[in-house]
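The block underneath contains the structure these notes are about, expressed in structure tokens.
The values are calculated or read from the model by the stated rules, or taken from the named source; none is laboratory data. Keep in mind that what you see is a predicted model, and the values were worked out from it rather than measured. So basically every Cβ, Gly included, is an ideal-geometry build from the backbone, and we count neighbours across all protein chains shown. Ligands, DNA and RNA are excluded from the accessible area calculation, which covers all protein heavy atoms including side chains. Shrake-Rupley method; radii C 1.70, N 1.55, O 1.52, S 1.80 Å.
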Amino acid sequence: MAQAAAVAKPPAPPRRRRASATPRRLPYLLIAPAALLMLGFIAYPVISVFYYSLQNYNPTKPWRNGYAGFDNFVHAFTDDPQFWDTLTFSAQWVFVEVGLQLLFGLALALIVNQTFVGRSLGRALVFSPWAVSGVLTSAIWVLLYNSQTGITRYLADMGVGEYGTSWLSDTSTVFPAAIVADLWRGVPFFAILILADLQSVSKDLYEAAEVDGASRIKQFWHITLPHLKDAIVLSTLLRAVWEFNNVDLLYTLTGGGPAGETTTLPLYIANTSVDAHNFGYASALTTVAFVILLFCSMVYLRLSKFGGGEK
Amino acid sequence: MITKEATEITPVPVRVTGAPDRRPSRHRRAWDEAPRWQIYLPLSIYLVFTLVPFYWILLFALRPAGSTSLVPWPMTFEHFEKVWNERDFAVYFQNSVLTGVATLLLTTGVALAGGYALARFDFRIKRGFMLALLCTQFVPGALLLVPLFQIFAELKMINSLGSVIIAETVFQLPLSMILISGFIRNVPYSLEEAAWVDGCNRLTAFRIVVLPLLRPGLIAVGSFAFVHAWNHFLFALMFLSDQTKQTIPVGLNTLMSADSVDLGALAAGGIIAAVPVVLVFAFIQKWLITGFSAGAVKG
């Protein structure tokens, strides 16, 4: 083949030279659009957040603008109970949400991975809330939870609870109510990812385990779970970051209320920057949130020995 | 053979309930051996949890205002007419479609180019670039609202759908690119090389040989981008103040934050918001799982 090319007519050599010359610049050309977009609309904003975190910057109080050193950070850690409250609530929210989503998602994935009559319909229905937006989820659960014609009315008809209860405006019920609403939409995410990974478990392993007399529970612990480990670690991490940052559900469902009970750190930051126009302080809080996320992710990946099993 | 059967039956003492599980021996695969009730019981409980909210919104959208009936009968479409015409959902719908489709095309195109570079070339900044992609996953779009707003104000793009399209694309790109590069890596390079030998240039070879094989992956990534842009709320809320520029999630939020919420209109608006996503989802569901198992987890 190579000989044939060498003997071929003159046009062949230049073409080959071109083929070897292009690849050097080609990869850069190919990633250029993505790189430029990310530089302009992610890297630059991040840097400007870091910059503003060291500034007093409030467009409504321009006379105070200027370099602030670490004042914003000191204020957050020593002098702002709302920062601690919202941070604690965020942690609580992420922990409960991701934990329950993983648990139910794993269970569902294992169930719909079985062979049974009506499986594809079952899968489609189980996964269906996956694509529903946070705002639409809020809309649906606002309808379900409203005090006049919501689910509590029909429960009261059956003698459970009282008429006119609104779970979203009571400080003792708002947390579980919001958790359930977000679970409804969040579980399918885990179920889909885990089901995808279940497809690649080698069936030979189960057959071997069966020959050895391992029970189904043992097979799950010793074959399925280790196989899923990396997928679980990665999806819980991504989901935790996502749950931490995501504001649309709580913003529209509870607005952070009642009495600030369900305000997460990002919601607090959004309020600080959008309503109070305190960009400098909001930037400092953003920086803190960013560092916390990064630190927790590193620790999590290290503790879970991510990717360690295979290589 | 006999011992196998025996070991299989013993670990499941619940069999006593007489679940109809005497299945032919060719179905002997153990992972396939759960008693039927262990599948159908939890599945139906979960389905109730999943479907009741959907039924609820359908109920509110279809029954007349003020009705407390649990079946949508007599059925009415007044809420839909109201939301579509009086509450501007016709305009929101158009804006959302435009945003979704533009984000889909931009994200898939840019991610395809970048993903190809990552999958097929070794170049100096590759590792750094990959690391940057991963890092962006920790950068919350919600927290960058203020600087993004300033940038778009500078570019005179506030109140134009372009700002939302760019912002959505940018935050979709990293993951899409990682996924697509995984899909491309699964296509043997030798296939492409064979096409070059046959006289194709790189682009034609890619188009003829690789692209068709990427179909499930691209459908998964593209529909992700569409659904995200369709659903996303915060950017549209912040960057589009003009009523005629807003998207469906912002319209829903407006309905929800009214002093006395018109539940029928909210429900009808919600269904309008859900229909395209449900359609996309029904269409891609098969590809979604194959797409993911092909590229996602292997990265």
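The residues in the range A:256-272 that are open to solvent by 20 Å² or more (accessible area, probe 1.4 Å) and facing chain B (nearest Cβ under 10 Å) can be counted, and the count is 1. If you take the residues of the range A:210-225 that are facing chain B (nearest Cβ under 7 Å) and either surrounded by 15 or more Cβ atoms within 10 Å (Cβ to Cβ) or among the hydroxyl-bearing types (Ser, Thr, Tyr) (or both), which of them is farthest from A:Ala109 (Cα to Cα)? If we take residues in the range A:210-225 being facing chain B (nearest Cβ under 7 Å) and either surrounded by 15 or more Cβ atoms within 10 Å (Cβ to Cβ) or among the hydroxyl-bearing types (Ser, Thr, Tyr) (or both), then A:Glu210 is farthest from A:Ala109 (Cα to Cα). For the range B:185-205, indicate whether the set of residues that are open to solvent by 70 Å² or more (accessible area, probe 1.4 Å), modelled with pLDDT under 85 and not in a helix (DSSP H, G or I) is non-empty. Checked against the condition, which is being open to solvent by 70 Å² or more (accessible area, probe 1.4 Å), modelled with pLDDT under 85 and not in a helix (DSSP H, G or I), the range B:185-205 yields at least one hit. Scanning the range A:170-199 for residues that are open to solvent by 20 Å² or more (accessible area, probe 1.4 Å) and away from chain B (no Cβ under 13 Å) yields A:Asp170, A:Thr171, A:Ser172, A:Thr173, A:Phe175, A:Pro176. The helices (runs of 4 or more DSSP H) falling completely within the range B:57-146 that include 1 or more residues that are over 26 Å from A:Val132 (Cα atoms) map to B:89-120, B:126-136. For the range B:224-249, which residues satisfy the criterion of being under 14 Å from B:Val97 (Cβ atoms) and hydroxyl-bearing (Ser, Thr, Tyr)? Residue satisfying the conditions is B:Thr247 alone.
Within the range A:273-302, the only residue that satisfies the criterion of being within 10 Å of chain B (Cβ to nearest Cβ), over 22 Å from the mean Cα position of the chain (by Cα) and of a type in the set (Ser, Thr, Tyr) is A:Ser273. Has the range B:208-219 got any residue that is part of a loop (DSSP other than H, G, I, E, B), modelled with pLDDT of 85 or more and facing another protein chain (nearest Cβ under 10 Å)? No, the range B:208-219 contains no residue that is part of a loop (DSSP other than H, G, I, E, B), modelled with pLDDT of 85 or more and facing another protein chain (nearest Cβ under 10 Å). The listed residues are A:Asn65, A:Asn58, and the only one of them that is open to solvent by less than 50 Å² (accessible area, probe 1.4 Å) and not assigned by TED's automatic domain parsing to the domain that holds A:His277 turns out to be A:Asn58.
Scan the range B:113-127 and give yes if some residue there is small (Gly, Ala, Ser) and within 17 Å of A:Ile42 (Cβ to Cβ), otherwise no.
The first filter runs over the range B:113-127 and keeps only residues small (Gly, Ala, Ser), leaving B:113-115, B:117, B:119.
Next, from what is left, pick out any that are within 17 Å of A:Ile42 (Cβ to Cβ): B:114.
Scanning the range B:113-127 turns up at least one residue that is small (Gly, Ala, Ser) and within 17 Å of A:Ile42 (Cβ to Cβ).
Among the residues of the range B:249-299, write down those that are open to solvent by less than 10 Å² (accessible area, probe 1.4 Å) and either at pLDDT below 85 or under 30 Å from B:Ser181 (Cα atoms) (or both). If the condition is that a residue be open to solvent by less than 10 Å² (accessible area, probe 1.4 Å) and either at pLDDT below 85 or under 30 Å from B:Ser181 (Cα atoms) (or both), then B:Val277, B:Ile284, B:Leu288, B:Gly291, B:Gly295 are the ones that fit.
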